[in-house]
Every structure is written in C-alpha cells, then in structure tokens.
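Asks: One structure coming up, written as structure tokens, with questions to follow.
The values are calculated or read from the model by the stated rules, or taken from the named source; none is laboratory data. Values in this document were obtained by computation on a predicted structure and should not be read as measured data. Please note: Cβ atoms are built from the backbone with ideal geometry, for glycine as well, and neighbour counts cover all protein chains shown. The protein model used for the area step is the full one, side chains on, heavy atoms only, and it has no ligands, DNA or RNA in it. Shrake-Rupley method; radii C 1.70, N 1.55, O 1.52, S 1.80 Å.
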Amino acid sequence: MINDHEKNLQDADISHEDTVWTEPTGAGAPDTAPASQIVHLETALAEMRERWVRSEAENANVRSRAKRELDDMRHFAIEAFARDVVEAAENLRRGRETLPPVSDAEAPSIAGIRAGLTETERGFVALLDRNGIKRVDPTGTAFDPNLHQAMAELVADGQPPGTILQALSPTWTLNGRLLRPAMVVVAKPPTDSPAQPH
C-alpha cells in the first residue's frame, strides 16, 4: 500500500515531467521564431555577400597595383646602369667626332679607326634601342624643358624663337621615361625686335 509520502513524491515527479517535456502551446505561444531566424540569417548572408564582393574588389586592386609596380621595377630597375651605358655611347660618339675631317690625303689607319668607331657606335646604339634605351636628336624641334637643357641661346634668322638650333648631345630615354636630357642651343628673338607687351 502506498503511503501518503510516496504518493506526494509520485505527484511531484509527474508535475516535474510536465514542466520539463511539455512545449507551450495555445494562444500565448507565438510561432514566429523560425520566420525571424530566417530573416536574420538572410540579412547575415546579404552582409557576408557584400563583404565578400568588397574583399574581391580590393584583392583585384591589390593584384593590379602589384603587377603595375612589378612591371615598373622590371622596366626601370636598370636605370642607373642604363645611364652609365649611355655615357659609354656618348664617349664613342665624341671619340669619332674628334678625328680629323675626311680628306683624300688621309692615312689608312685614320680611315680604319673612323670606320671602326662608326660601326661600333652604330651597333652599340642598336643594341641599346632593342633594350628600350632610345637616342633622339632634337635638332629643329621646339625646346621642351622636360626633355632638353638649354646650354646657350643664339639669334637665328628664319628660325622661330625656342627652336633647337644644335644638339650638343641627344635626348636619351628608357622605355619612354627620360634618362638624360639633351644639351641644346636654342634660337632666341633678335635683340632689336619690339618688346613683348606685359
């Protein structure tokens, strides 16, 4: 026979089971938890997608910038070396120009030296050209302070002021970037020309 104490314990166990395992139902328990979770997850997914798109765009920019910098390094890493090589080319030109003018009474050795220097200079400049180092003679063109350095000014009839009359040395560029400006003589207006209005 179950005494009152055991009966109270059984009732307490039943009551406890009801509170643990029974889910709330009825009008007081709204069924909106799954819908709000879906909205929350969709919002989180949209934010993650936007972050991913931004991250991919930033990565593309970083890759593009790194490639551009690497290309610049490849093209211009030899700039100091190229300046020295250009100096050697200029020395070949100067050496050829110091020879006496060609004449019928010229010694065969002088003619041989001239021919050798001319061919060496031509081959050397062609080699530089193939490697992106270009030589430009600016004679007859307009003076450009970005490419030329004026060493003197002369009055020249028939030449507009600012025209390069003579190039003492050519312009040298490395892959389109100025390596060494040309040393030039520039035409200036005659001294008796009317003063320019200010």
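Asks: Within the stretch 97-153, restricting attention to residues that are among the hydrophobic types (A, V, I, L, M, F, W, C), within 27 Å of G176 (Cα to Cα) and open to solvent by less than 60 Å² (accessible area, probe 1.4 Å), which residue is nearest to the chain's Cα centre (by Cα)? Explain how you work it out, then say what you get.
Replies: Here is the first cut: in the stretch 97-153, the residues among the hydrophobic types (A, V, I, L, M, F, W, C) are 99, 102, 105, 107, 110-111, 113, 115, 117, 124-128, 133, 136, 142-143, 147, 150-152.
With the extra rule that they be within 27 Å of G176 (Cα to Cα), the set shrinks to 124-128, 133, 136, 142-143, 147, 150-152.
Keeping just the survivors that are open to solvent by less than 60 Å² (accessible area, probe 1.4 Å) gives 124-126, 128, 133, 150, 152.
On the way: F124: 28, V125: 26, A126: 26, L128: 22, I133: 18, A150: 29, A152: 35 Å.
Filtering the stretch 97-153 for residues that are among the hydrophobic types (A, V, I, L, M, F, W, C), within 27 Å of G176 (Cα to Cα) and open to solvent by less than 60 Å² (accessible area, probe 1.4 Å), the one nearest to the chain's Cα centre (by Cα) comes out as I133.
Asks: Something else now. If you take the residues of the stretch 61-83 that are loosely packed, with under 11 Cβ neighbours inside 10 Å and among the charged types (D, E, K, R), which of them is farthest from the chain's Cα centre (by Cα)?
Replies: R63
Asks: Also, I was wondering about something else. Among what's in the stretch 92-146 and is part of a strand (DSSP E or B) and hydrophobic (A, V, I, L, M, F, W, C), pick the residue that is nearest to T173 (Cα to Cα).
Replies: To start, the set of residues in the stretch 92-146 that are part of a strand (DSSP E or B) comprises 133-136, 142.
Now narrow it down to the ones that are hydrophobic (A, V, I, L, M, F, W, C): 133, 136, 142.
Numbers: I133: 6, V136: 8, A142: 18 Å.
Only one residue tops the list, namely I133.
Asks: Out of curiosity, is G158 surrounded by fewer than 16 Cβ atoms within 10 Å (Cβ to Cβ) and part of a loop (DSSP other than H, G, I, E, B)? Explain how you work it out, then say what you get.
Replies: Values: surrounded by fewer than 16 Cβ atoms within 10 Å (Cβ to Cβ): yes; part of a loop (DSSP other than H, G, I, E, B): yes.
So G158 fits the description; yes.
Asks: It is to be established whether one or more residues within the stretch 171-184 are of a type in the set (K, R) and open to solvent by 80 Å² or more (accessible area, probe 1.4 Å). So that I can check it myself, show each step before the final result.
Replies: Just the residues of the stretch 171-184 that are of a type in the set (K, R), to begin with: 177, 180.
If we keep only those that are open to solvent by 80 Å² or more (accessible area, probe 1.4 Å) as well, we get 177.
Taking every residue of the stretch 171-184 in turn, at least one turns out to be of a type in the set (K, R) and open to solvent by 80 Å² or more (accessible area, probe 1.4 Å).
Asks: Taking the conditions exactly as written (surrounded by 10 or more Cβ atoms within 10 Å (Cβ to Cβ) and modelled with pLDDT under 60), does Q37 satisfy them or not? Explain how you work it out, then say what you get.
Replies: On the way: surrounded by 10 or more Cβ atoms within 10 Å (Cβ to Cβ): yes; modelled with pLDDT under 60: no.
No, not satisfied.
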